[in-house]
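Report on the structure given below.
The values are calculated or read from the model by the stated rules, or taken from the named source; none is laboratory data. All values derive from a computational prediction rather than experimental measurement. When we count neighbours, we look across all protein chains shown, and the Cβ atoms used for this are built from the backbone with ideal geometry, even at glycine. These accessible areas exclude ligands, DNA and RNA; they are computed on the full protein's heavy atoms, side chains included. Shrake-Rupley method; radii C 1.70, N 1.55, O 1.52, S 1.80 Å.
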Amino acid sequence: MELVLLLFIFVLAAFLGFELISKVPSQLHTPLMSGSNAISGITIVGALLAAGGTSETSGTMAIWLGFAAVVFATINVVGGYLVTDRMLGMFQSKADEKKQKADKE
């Protein structure tokens, strides 16, 4: 029964996420991505808790899975912020780019 309930919540979240993202205007995708990247940082906290267990309480396999979760969650957060930064760079005007180049020189 519990597995069916978890599957129902997963399917409901997938439909809700699809409907939410499809209704957001393209100008708001970058701030939405940035916010979701910040929320993804919570997965790092959970992964650290899973990886921080002792082998006596949680088992060696759980520690290795926690370590893998830390690595993948970190890649997700850092990659998401790099993509967001690149997308924000696409919205800069030519005058802003010239000003940044002049400031660097």
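Find the accessible area per residue for the chain; the probe is 1.4 Å, ligands and nucleic acids are left out, and the unit is Å².
With the other protein chains kept in place, the chain gives 82 Å² per residue.
Using only DSSP helix segments of four residues or longer, with each worth -39500 (n - 2.57), what per-residue ellipticity at 222 nm results for the chain after dividing by its residue count and rounding to 500? Intermediate values should be presented prior to the final figure.
Values: 4 runs with 87 residues, N = 105.
Using -39500 (n - 2.57) per qualifying helix, the result is -29000 deg cm²/dmol.
What distance in nm separates the two pseudo spin-label positions at residue 26 and residue 96, each 7 Å out from Cα along the beta-carbon direction?
Each label point lies 7 Å from its Cα, and together they span 1.7 nm.
On the protein heavy atoms, probe 1.4 angstrom, tell me the percent of accessible surface of the chain carried by carbon and sulfur.
For the chain, the apolar C and S fraction of the accessible surface comes to 73 percent.
Using the membrane-span-like helix rule (whole DSSP H runs, Cα extent along the own axis of at least 20 Å, mean Kyte-Doolittle hydropathy at least 0.5), which helices of the chain qualify?
Result, helices passing both filters: 2-23, 29-51, 60-90.
Would you mind computing Rg(Cα) / (2.2 N^0.38 Å) for the chain, counting N as its residues?
1.53
For residue 53, enumerate residues with amide H under 5 Å from its amide H, sequence gap 5+ or separate chain, H modeled in the peptide plane.
Those qualifying (amide H under 5 Å, at least 5 residues apart or on another chain) number zero.
Please check: in the Gaussian network model of the chain (C-alpha springs, under 10 Å), which one of 78, 45, 11 has the largest mean-square fluctuation.
Largest GNM mean-square fluctuation: 11.
Which of 65, 82, 6 sits farthest toward the positive end of the charge dipole of the chain, with +1 on the Cβ of Lys and Arg and -1 on the Cβ of Asp and Glu?
82
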